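Below is one structure; the comments refer to it alone.
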Amino acid sequence: MTAPSDIEQVHAAAREISSQLGRVIVGQQTVVEELLTCVLAGGHCLLVGVPGLAKTLMVRSLADCLGLSFNRVQFTPDLMPADVTGTEVIQEDRSTGQRELRFIRGPIFANVVLADEVNRTPPKTQAALLEAMQEHQVTVGGVRHALPVPFFVLATQNPIEQEGTYPLPEAQLDRFMCQVLIDYPNEDEEFQIVRQTTSSASTKLTPVLTEDRLQRLQSIVRDIPVSDSVIRFALSLSRLSRHNHPQAPDFVKKYVTWGAGPRASQHLIHAAKARAAIQGRLHADESDVRAVAAPVLRHRIVTNFHAEADKQTADGIIAQLIDLASMSSQSPSLAERVSGVFTRS
């Protein structure tokens, strides 16, 4: 069983990281919490926001706070898979004159990899991320090369400029635990941003964690208990999002082409555990699942043209599914109903 002192370690670390990020990132508390949830749950994250909202700065600052190595890859239409994973070159030994193949590591060999504008490179290069994200390794010339541990891919997308882009296929989107939306700051936050970034003052962040300690915190998060009812609640969110499910609601059958798969249910529980630990609680409950449902499910629910015509978004469908699943979880189970029938007065 997870000890209160272990949870306090996660809570204190998350609070300190948020405090450090707050020195360079103005506002965006929800975004920071969702990023930390992904990191502590050991998942990858897709950041979606218009240019100029400090997506790159946020990821780099997070890597600095975690004390991890960081590499950035700017995805462009001419980027090749070897530019990401690395390649083999022929090297000659000057003492013997013999030649041999030597593997030159690509930028993906870092703890935190920022895949900037990931939808601007062709599918062949996007696919180079699949093995790395899922297996934490790359294969070049038939030889497997392990990636550093821990390993996170934080990718960014621009939602307003889609001409000449290559939308990520569902198989690759499903590798991301969360899709985090970054919105414009309010007036006071934007004023503070302009004041901070137009002066000569610079802020240096202090590393809060090390690689070993981060892995320890991830292990604590994974061991957080969760009840079967919470797992059932997460399952219901994923299963009811599938239009061909017998109990799928009418709005899902009308607006959804493809729903969430089993990996979504796993990520809902992982993210719920991480959120509970960040808030200093010993177990995850349904409120944690509700809080992480939108970032975990929004990129896994594919809507159709009926949804576009009726201005229905994935987030709106998720909100309806949460209400529906909450009502179902509050109704008595079959065992409870049968027990009530046979109870003597």
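Things to note:
- Contact map, the range 277-304: first residue in the same structural domain as ARG263 (by TED's automatic domain parsing) and free of Cβ contacts under 8 Å to residues at least 60 places away in the same chain, second residue buried (at least 22 other Cβ atoms within 10 Å of the Cβ) and among the basic types (Lys, Arg), Cβ cut-off under 8 Å, separation 6 or more or different chains; pairs are ASP288/LYS273; ASP288/ARG275; ALA291/ARG275.
- Unmet criterion (only one of (1) in contact (Cβ under 8 Å) with a residue 60 or more places away in the chain; (2) more than 21 Å from ARG60 (Cβ to Cβ); (3) surrounded by 13 or more Cβ atoms within 10 Å (Cβ to Cβ)) for ILE231: (1)
- Residue in the range 53-70 that is more than 15 Å from the chain's Cα centre (by Cα) and of a type in the set (Asp, Glu) present: yes
- Which numbered condition LEU114 misses (of (1) aliphatic (A, V, I, L, M); (2) surrounded by 13 or more Cβ atoms within 10 Å (Cβ to Cβ); (3) part of a strand (DSSP E or B); (4) not assigned by TED's automatic domain parsing to the domain that holds PRO159): (4)
- Subset tally (residues that are under 18 Å from the mean Cα position of the chain (by Cα) and at negative phi) for the range 130-147: 6
- Flag for GLU92 being in contact with a Phe, Trp or Tyr (Cβ under 6 Å, 6 or more places away or on another chain) and not assigned by TED's automatic domain parsing to the domain that holds VAL149: no
- When GLU100, GLU33 are screened for being surrounded by fewer than 18 Cβ atoms within 10 Å (Cβ to Cβ) and either in contact with a strand residue (DSSP E or B) (Cβ under 7 Å, 6 or more places away or on another chain) or part of a helix (DSSP H, G or I) (or both), only GLU100 passes.
- Residue that is assigned to a helix (DSSP H, G or I), touching a strand residue (DSSP E or B) at 6+ places or on another chain (Cβ under 6 Å), surrounded by 23 or more Cβ atoms within 10 Å (Cβ to Cβ) and not assigned by TED's automatic domain parsing to the domain that holds ALA271, where the choices are VAL39, VAL59: VAL59
- If the condition is being more than 11 Å from the chain's Cα centre (by Cα), surrounded by 20 or more Cβ atoms within 10 Å (Cβ to Cβ) and aliphatic (A, V, I, L, M), then the range 148-180 contributes only LEU168.
The values are calculated or read from the model by the stated rules, or taken from the named source; none is laboratory data. Since this is a predicted model, take the numbers as computed values, not measurements. All Cβ positions, even for glycine, are placed from backbone atoms using ideal geometry, and neighbour counts span all protein chains on display.
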